[in-house]
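Reading through the structure tokens given below for one structure.
The values are calculated or read from the model by the stated rules, or taken from the named source; none is laboratory data. Keep in mind the model is a prediction, meaning the values are calculated, not measured. Here the Cβ positions follow ideal geometry from the backbone for every residue, glycine too, while neighbour counts run over all protein chains shown. The accessibility values were calculated without ligands, DNA or RNA, using every heavy atom of the protein model including side chains. Shrake-Rupley method; radii C 1.70, N 1.55, O 1.52, S 1.80 Å.
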Amino acid sequence: MCQLLGLNCATPTDANFSFTGFCQRGGKTDHHADGWGIAFFEGKGLRLFIDHQSASDSPMAAFLQQYPLKSRNIIAHVRKATVGAVALENAHPFVRELWGRQWVFAHNGDLKDYAPRLHSHFRPVGTTDSEQAFCWIMQELAKSHAGLPDVQELTLTLRELVPQVRRFGTFNFLLSNGEALWAHCSTKLHWLVRQHPFAQATLMDQDWTVNFEELNHPGDRAAVVVTTPLTSNEQWTAFEPNELKVFVDGLPLP
């Protein structure tokens, strides 16, 4: 199975700490060595980096660990291939445009005998069940709304669509349009919010401790969503099975 990492923040936030720890799971501290990727929004723009190499060995991943990864919405993924070959076109996250916005999606799980009817311009480039599910969700969102709805309305639509996919298997995923981060748990997902008063955090996969009080201002806030907790000394909350949460400005919406 793959692993997911997502951040949704109130202000552009440095993600190097979380991304560095997460990359170690791509072949060093775990077996997710069949590709990796990260997408982060900068305003309406989007930077996407994907690679079919393992994250722990990829020169591109090493470069990004030194790059100022500052964004309000970030999705990263390390892959353990189940459906689809180890190839660049099968590396997550996947990106599509809808209503003049970039949408980013990454999936952890295995969908059995999944072959949705795709009849609009959303078509997969690679051969994964994940990209098929993303294309179907984009297609159905476009059919459900004439223009970009607000976050609450989008969440209601996703609550109707997600069960139609997860009946085929495990469907842990992250989805963002640069405004919000949606996270759905079939089996395993955790989250926390870092906000004032900030404290220290220590990575589980690498010997690195950061004092967030020295790096942040009182108005900064970041929600972090990950498959398995990244740090050993923070309080992570497990998602309930089949729970869909949406985060805006670094907080979960009720």
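Which residue, of THR20, THR13, THR29, is assigned to a loop (DSSP other than H, G, I, E, B), of a type in the set (Val, Ile, Thr) and modelled with pLDDT under 95?
Unique residue meeting the criteria: THR29.
When segment 208-226 is examined, which residues are found to be open to solvent by 30 Å² or more (accessible area, probe 1.4 Å) and within 22 Å of ILE38 (Cβ to Cβ)?
If the condition is that a residue be open to solvent by 30 Å² or more (accessible area, probe 1.4 Å) and within 22 Å of ILE38 (Cβ to Cβ), then TRP208, LEU215, ASN216, ARG221 are the ones that fit.
What strands (runs of 3 or more DSSP E) lie completely within segment 35-134 and have 2 or more residues being open to solvent by 20 Å² or more (accessible area, probe 1.4 Å)?
Answer list for segment 35-134: 45-51, 70-78, 94-98, 101-108.
Does GLU153 meet the test of being assigned to a loop (DSSP other than H, G, I, E, B) and modelled with pLDDT of 95 or more?
No; evaluated as a whole, the condition is false for this residue.
What about THR187, is it modelled with pLDDT of 95 or more, in a helix (DSSP H, G or I) and open to solvent by 10 Å² or more (accessible area, probe 1.4 Å)?
Criteria not met by THR187.
Take the residues of segment 166-186 that are under 21 Å from LYS70 (Cβ atoms) and among the polar types (S, T, N, Q): which is nearest to the chain's Cα centre (by Cα)?
Among them, the one singled out is SER176.
Which of the residues belonging to segment 135-177 are open to solvent by 10 Å² or more (accessible area, probe 1.4 Å), over 25 Å from GLU240 (Cα atoms) and either touching a residue at least 24 places away in the same chain (Cβ under 8 Å) or not charged (D, E, K, R) (or both)?
The answer is ALA142, SER144, HIS145, ALA146, GLY147, LEU148, PRO149.
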